[in-house]
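Take a look at the structure set out below.
The values are calculated or read from the model by the stated rules, or taken from the named source; none is laboratory data. The model shown is predicted, which means the values in this text are computed figures rather than measured ones. All Cβ positions, glycine included, derive from the backbone under ideal geometry; neighbour counts span all protein chains shown. Please note that ligands, DNA and RNA were not included when accessible areas were found on the heavy atoms of the full protein model with its side chains. Shrake-Rupley method; radii C 1.70, N 1.55, O 1.52, S 1.80 Å.
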Amino acid sequence: MLVYRVSAAGLVEKAATFERAGVPTLARLKDGRLIAAHQNFPEHDDAAFDKVAVRFSSDEGASWTDAETIRLEGLPEGMRFPFDPTLVPLPDGRVRMYFTSVKGRTFDDGPPAIYSALSKDGIAYVFETGARFAVEGRIVIDCAAVLHLGKFHLFAPDNGAAFAKLSLAGTV
């Protein structure tokens, strides 16, 4: 994953490279720091593999902390750990993370939907009950969200119909 800075004059500068990372989101926290969240794929840490991790920068992205896997309290039993994060800083200093998840371990258990969790520090989150956005029978992943003029705006593409389970006779 590559991080670039663009100056007000339009000058583009590569600020950082996060190895073995993908699906990034970046936000500015109330204290001025930058927070980046992403899917993490560390080579030698199976417990953190394909989990959402965060990094922080206090110098406008010139340097970043090491990736740290988020902690999530209250995720319902059997629900997949979050993926494809989107961060939205809140006026009170907290940050809301929107993310994709499924009830179960595969898309066959139920189509993915968008959920959310709140954090005071960007690392420890508390799950907010219920889906933020779901369409019955449709796959909803990869959202983007913003808080603008006091209203949340969430965007998610239509990713098609959910997978149908096949019966033993081979009919859908």
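Against the conditions (1) in a loop (DSSP other than H, G, I, E, B); (2) open to solvent by less than 30 Å² (accessible area, probe 1.4 Å), I114 satisfies every one except (1). Y125 - would you say it is part of a strand (DSSP E or B), aromatic (F, W, Y) and touching a residue at least 40 places away in the same chain (Cβ under 8 Å)? Spelling it out, Y125 is indeed part of a strand (DSSP E or B), aromatic (F, W, Y) and touching a residue at least 40 places away in the same chain (Cβ under 8 Å).
Residues in region 1-42 that are touching a Ser or Thr at 6+ places or on another chain (Cβ under 6 Å) and surrounded by fewer than 13 Cβ atoms within 10 Å (Cβ to Cβ): L2 only. Reported count of residues in region 93-103, each being open to solvent by 10 Å² or more (accessible area, probe 1.4 Å) and more than 22 Å from A67 (Cβ to Cβ), is 2.
Under the condition of being open to solvent by 70 Å² or more (accessible area, probe 1.4 Å) and touching a residue at least 24 places away in the same chain (Cβ under 8 Å), the residues counted in region 157-166 number 2. Being touching a strand residue (DSSP E or B) at 6+ places or on another chain (Cβ under 7 Å), among the small types (G, A, S) and modelled with pLDDT of 95 or more is the filter here, so list the residues in region 64-99 that pass it. Within region 64-99, A67, G74 qualify. Determine, yes or no, whether P82 is free of Cβ contacts under 8 Å to residues at least 60 places away in the same chain, of a type outside the set (S, T, N, Q) and at negative phi. Considered against the rule, which asks whether it is free of Cβ contacts under 8 Å to residues at least 60 places away in the same chain, of a type outside the set (S, T, N, Q) and at negative phi, P82 comes out as yes. Here the condition is being in contact with an Asp or Glu (Cβ under 8 Å, 6 or more places away or on another chain), open to solvent by 30 Å² or more (accessible area, probe 1.4 Å), of a type outside the set (F, W, Y) and at pLDDT below 95; of V126, V135, it holds for V135 alone.
Return the residues of region 79-136 that are in contact with a Lys or Arg (Cβ under 9 Å, 6 or more places away or on another chain) and of a type in the set (K, R); say none if nothing qualifies. Selection gives R80, R94, K103, R105, K120. Name the single residue that is least open to solvent (accessible area, probe 1.4 Å) among those in region 139-156 being assigned to a strand (DSSP E or B) and among the small types (G, A, S). Ranking the qualifying residues of region 139-156, first place goes to A145.
Taking into account only those residues within region 59-71 that are within 13 Å of F18 (Cα to Cα) and touching a residue at least 12 places away in the same chain (Cβ under 8 Å), which is most open to solvent (accessible area, probe 1.4 Å)? Here the residue is E68.
Has region 46-58 got at least one residue that is open to solvent by 60 Å² or more (accessible area, probe 1.4 Å), over 22 Å from A21 (Cα atoms) and out of contact with any Gly (no Cβ under 7 Å at 6 or more places or on another chain)? No.
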